[in-house]
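Participant: Structure in structure tokens, see below.
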Amino acid sequence: MREYAKSGATRALWVGGLVASTAIALLASGAIGAGKHRITVDEAAIVASADKGDNWLTYGRTYDEQRFSPLTQVNADTVSELGLAWYADLDTARGQESTPLAIDGILYTSTAWSMVKAFDATTGKMLWSYDPKVPRETLVKACCDAVNRGVAAWGNKLFVGTLDGRLVALDRGTGHVVWETRTTPEGSDYTITGAPRVVKGKVIIGNGGAEFSARGFVAAYDVDTGKQAWKFYTVPGDPSKPFEQPELERAAKTWSGKFWTLGGGGTVWDGITYDPVTGLLYFGTGNGEPWNDEQRDPANGDNLYTASIVAVNPETGKYVWHFQETPEDRWDFDSDAQITIADVTIEGQKRRVLMHAPKNGVFYMLDAKTGAFIQGKPYTTVTWTTGLDPKTGKPQIVPEARYDKTGKLFIGMPGAAGAHSWHPMSYSPKTGLLYIPVTQAAFPYLAADKDWQPEPLGFNTGMDGVKTAMPAIPAVRAGAIKATTGALVAWDPVKQKAAWTVQHDAAWNGGTLATAGNLVFQGTAKGTFEAYRADTGKKLWSAPTQTGVIAAPMTFTAGGTQYVAVMAGWGGVWGLAPGILSLKGGAARNVSRLLVYKVGGKGKLPNVPWAKLPLDPPANFASPEQLAQGVQQYVRFCAACHGDAAVGSGVNPDLRHSMANADPKVWQAIVHDGGLAANGMIGWSKVMTPAQIESIRGYVVSRANEDKALGEK
């Protein structure tokens, strides 16, 4: 841990002077109005904000993560007059997933590469900016873009997790670093993309990395010092050694083989919720590593506590209960999606419940105090299970879905991107409906050969990505594109059915916001920001955003005016990996901005030209042997960022269009030597030879010629 302060009497004088000078500077700038009380964020303030709505103090607005605002100035009657109040261009052209906080007329948001910015909420003037200077080579360890989902506030501090595994405390008034703690082992495969939560004076943060041999855990850190308070591992380590927690001994009985040598997975990269009513902290866990269950656990046990909801005591980290949603997960069905708590009436009885719509496509309702299964039903098309046991909630797995056992191709719905991933859903106590952003996309699951072994820096899923890559066959492509869509589903959690559904042409649309004005807001992959009636789903308003929107909106008041804000910027895993399928959105490019709207807003977005390099590859040169090697290397090391079948999808360069294709020396300088490492494109000399790297060029050139022959320009 590093502390950015001096010691002793000198430190006291230095801090006092800094505070005084900062206050004067902020008063002069108008960031804090003269005589205006600056909110000190704590549990009481967050709980009290539930009925007010003027501020947005925590990631889901309230501890229960309902993302429901009681504000009504913008409502079903006035939303047609909503216009752009202001916008701020961001200096990070990656996916934007953050939900800003609004505190006393100031917006605080994180951006890609874990940067943090503060804006005057009414004018858009930037007040300060913080850059943690994440090494760009960290990108190779991030499965799903250099994204960040938000900051947390407590006292007068802000907290952000960085992509390279640090937790940083900032002074909310200046953006200056107060303390910094490394939460993951130096040089490890962990990354942080999620927003921290602060509970009982402790900052709670997990991490990602389950495709890169990481062992999942979540930990708590003291808000004042950054010192670790507790740590909870989600999967067991080497069972021949002492277990860090007693419940891991039980978990180890659900694993077999030498699973711990592969990390295990179960990472807590999102989905953290605190409930003041039950006093419990809940978090979701990710998939096992690798996806192929035969590789990590030949006996096919449940693999606790992967793909589960776990409840702990927030002050001690002690285990209370768990519920596993996807035992023996082999489909990348993380349970890291947002966890929502509410009071609902079931069969005439009011109950405190936990509601969850994870990647596996099944909606779950659990007792928030005990974790007991109440009910569950698919909220979209699922092909991996025939249903849940009505008493235990355990899924009945379709035999064909165990592709690692059958050795055959399984077309799964939902796919690995999930029916509902991190994109926040919202819940309206007024309508009793949950508004879920749903991705409707299949995925081809096929196990790799028995001799598959993980490799350093490889995307280690244990899958055969060569045989399942999108072929250059127009009919197959057209069918896959047509079948890949999205939806906004208004789900009745008591009746276990959709009250209404809005279909989207494209997948990977943004999170949602529900308000007491009878509205639901959502951004789309096609580059629009939209509002619907919360009770019927009728579209009431739409505005262009020039880029795909994947983040969730939020709302607040400043100077008596209600504003609605959303981060815009195409990206995340869907903007990287699916190739041609993610181009369907129509706005598959990145124009990163913070957009803020109000009734009567007159602002306009500037036109941003988009120049696309022509598809003009050199002639094919690779031998059949080179092509066979090239596709293997591409799938293992390149596809996760540059797209399925070498089709780039709007964030990273499309290699088919790259001018480096024509020059083997330039190609080697970039791919082997790391000539573009400052942009996140590391050199691969430690894991690939020049000949292997040249074979990738041969494969990319071949793919470019295939698509040029199909008429692509």
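Participant: When Lys and Arg each count +1 and Asp and Glu each count -1, what net charge do the other residues less than 10 Å away from Gln546, Cβ to Cβ, add up to?
Facilitator: +2
Participant: Something else now. Take the Cβ-Cβ distance between Thr561 and Val277 as r, set R0 to 35 Å, and report the resulting FRET efficiency rounded to the nearest 0.05.
Facilitator: Efficiency, rounded to the nearest 0.05: 0.60.
Participant: Within the P(r) computed for segment 154-271, what percentage of the Cα pairs occupies the region above 21 Å?
Facilitator: 40 percent
Participant: Under 11 Å from the Cβ of Leu388, count the other residues' Cβ atoms, weight Lys and Arg +1, Asp and Glu -1, and hand me the total.
Facilitator: That works out to +1.
Participant: Can I ask one more? What ranking of Lys377, Lys157, Lys350 emerges when the number of other C-beta atoms within 10 Å of each C-beta is taken as an exposure proxy, fewest first?
Facilitator: Result, fewest neighbours first: Lys350, Lys377, Lys157.
Participant: What whole number of Å gives the distance from the Cα centroid of segment 605-635 to the Cα centroid of segment 693-713?
Facilitator: 5 Å
Participant: So what J values fall out for segment 195-212 if you push phi through Karplus, 6.51 cos²θ - 1.76 cosθ + 1.60 with θ = phi - 60°, rounded to Hz, Gly and Pro as x?
Facilitator: 7, x, 10, 10, 9, 6, x, 10, 8, 9, 8, x, 6, x, x, 5, 8, 10
Participant: Can you give the helix-only mean residue ellipticity at 222 nm for the chain, where every DSSP H stretch with n ≥ 4 adds -39500 (n - 2.57) and the sum goes over all residues, rounded to the nearest 500 deg cm²/dmol?
Facilitator: -4000 deg cm²/dmol
Participant: Same structure, new question: Hey, which of these cross-link pairs are over 21 Å Cα-Cα: Lys202/Lys318; Lys258/Lys450; Lys52/Lys495; Lys200/Lys318; Lys526/Lys604; Lys52/Lys350?
Facilitator: Lys52/Lys495; Lys52/Lys350
Participant: In whole Å, what are the Cα extents of segment 624-709 along the three principal axes, biggest one first?
Facilitator: 33, 30, 23 Å, listed from the longest principal axis down.
Participant: Scan around Leu280 for amide H atoms under 5 Å from its own, H built in the peptide plane at 1.01 Å from N, and keep only partners 5 or more places away or cross-chain.
Facilitator: Placed amide hydrogens put Asp275 under 5 Å from Leu280.
Participant: Here's something else I'd like to know. Kirkwood Rh, segment 308-407, all Cα pairs: how many Å?
Facilitator: It is 14.6 Å.
Participant: At a 10 Å Cβ-Cβ cut-off, how would you order Lys369, Lys713, fewest neighbours first?
Facilitator: Lys713, Lys369
Participant: For segment 339-355 and segment 367-406, compute the distance between their C-alpha centroids and round to whole Å.
Facilitator: For segment 339-355 versus segment 367-406, the Cα centre distance is 20 Å.
Participant: For the chain, what class follows from the C-alpha gyration tensor (a ≥ b ≥ c being the square roots of its eigenvalues): rounded when a/c is under 1.5, otherwise prolate if a/b is larger than b/c, else oblate?
Facilitator: Rounded is the answer for the chain, as its axis ratio a/c remains below 1.5.
Participant: I'd like the Karplus ³J(HN,Hα) series for segment 422-435: coefficients 6.51, -1.76, 1.60, θ = phi - 60°, whole numbers in Hz, and an x wherever there's a Gly or Pro.
Facilitator: Whole-Hz 3J(HN,Hα) from phi for segment 422-435: 6, 3, x, 9, 9, 10, 9, x, 6, 9, x, 10, 9, 10.
Participant: Which whole-Hz couplings ³J(HN,Hα) result when phi for each residue of segment 157-169 is put into the Karplus expression 6.51 cos²θ - 1.76 cosθ + 1.60, θ = phi - 60°, listed in order with x for Gly and Pro?
Facilitator: My calculation for segment 157-169 gives 10, 10, 10, 9, x, 9, 4, 8, x, 9, 10, 10, 9 Hz in order.
Participant: Cut-off is 10 Å between beta-carbons; in what order do Ser658, Ser110 appear when sorted fewest neighbours first?
Facilitator: Ser658, Ser110
Participant: Okay, moving on. Tell me which residues come under 5 Å, amide H to amide H, from Leu540 once H is placed; ignore anything under 5 positions away on its chain.
Facilitator: Those qualifying (amide H under 5 Å, at least 5 residues apart or on another chain) are Ala531, Tyr532, Arg533.
Participant: Could you list which residues have their amide H under 5 Å from that of Trp500, counting only those 5 or more apart in sequence or on another chain, with H placed in the peptide plane?
Facilitator: So Trp500 has HN proximity to Ala490.
Participant: Under a Cβ-Cβ cut-off of 11 Å, what is the net charge of the residues other than Ala516 that fall near it, where Lys and Arg count +1 and Asp and Glu count -1?
Facilitator: Summing Lys/Arg as +1 and Asp/Glu as -1 gives 0.
FYI, it's all coordinate maths here, none of it is from the lab. Just so you know, these numbers come straight off a predicted model, no measurement behind them. When we count neighbours, we look across all protein chains shown, and the Cβ atoms used for this are built from the backbone with ideal geometry, even at glycine.
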